[in-house]
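Here's the structure, in structure tokens; my notes come after.
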Amino acid sequence: MELKTVATDKAPAAIGPYSQAIVCGNIVFTSGQIPINPATGAVETTTIEEQAKQVMQNLGAVLAAAGSSFEKAVKTTCFLADMNDFAAFNAVYAEYFTTKPARSCVAVKTLPKNVLVEVEVIATL
């Protein structure tokens, strides 16, 4: 099966040995997105709501570049720096993932750049 690397300047560039996403057949696997503004390369927000919104904008750009969308998501994995942010994160998440894909959400000790949230998606094309 042919693999296609997805890259867009509308989301943060990969800063390591990985791709923004890979398409395998009719499935797209995104890398985790953190709240980096792709225009500046910086984390510019501080609240969970603001960071979650930037993450969703980044994911939307990667999904679009792959030929997919939030509506075609089948599974997400969400990483929170603090589970006390769960309700606030969920409120933003629900605005984007309206089809309610399967999901895992876990708290982790530390995320890259000490951000509050990271999300990855598996979606169909």
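The values are calculated or read from the model by the stated rules, or taken from the named source; none is laboratory data. Quantities reported herein were computed from a predicted structural model and do not represent experimental measurements. Ideal geometry is used to build each Cβ from the backbone, glycine not excepted, and the neighbour counts take in all protein chains shown. Only protein heavy atoms, including side chains, enter the accessible area calculation; ligands, DNA and RNA are left aside. Shrake-Rupley method; radii C 1.70, N 1.55, O 1.52, S 1.80 Å.
Sort largest first and round to whole Å: the equivalent ellipsoid semi-axes of the chain, each the square root of five times a Cα gyration tensor eigenvalue.
Gyration-tensor ellipsoid for the chain: 22, 17, 12 Å.
Note on the chain: lysine pairs with Cα distance below 23 Å, sequence gap of 8 or more or different chains, count 14.
Applying a 4.7 Å cutoff between beta carbons, the unpaired cysteines of the chain are Cys24. Where only DSSP H runs of four or more residues are counted, the chain gives -8000 deg cm²/dmol as its mean residue ellipticity at 222 nm, each run worth -39500 (n - 2.57).
Taking amide H positions as modeled 1.01 Å from N, with prolines and chain starts lacking one, the residues under 5 Å from Ala14 and 5 or more places away or on another chain are Gln20. Computed from phi, the 3J(HN,Hα) profile of segment 25-37 under the Karplus parametrisation 6.51, -1.76, 1.60 (θ = phi - 60°) reads x, 10, 10, 10, 10, 8, 6, x, 10, 10, x, 8, 6 Hz, with x in place of Gly and Pro. Normalised by 2.2 N^0.38 Å, where N is the number of residues, the C-alpha radius of gyration of segment 53-125 stands at 1.06. The alpha carbon centroids of segment 77-104 and segment 1-74 are separated by 16 Å.
Can you send over the carbon and sulfur percentage of the accessible area for segment 15-76, probe radius 1.4 Å, protein chains only? Each step should come with its number before you reach the end.
Values: 1560 of 2670 Å².
Using a 1.4 Å probe with all protein chains present, segment 15-76 comes out at 58 percent carbon and sulfur.
Using only the C-alpha atoms, the convex hull of segment 15-63 corresponds to 77 Å³ per residue.
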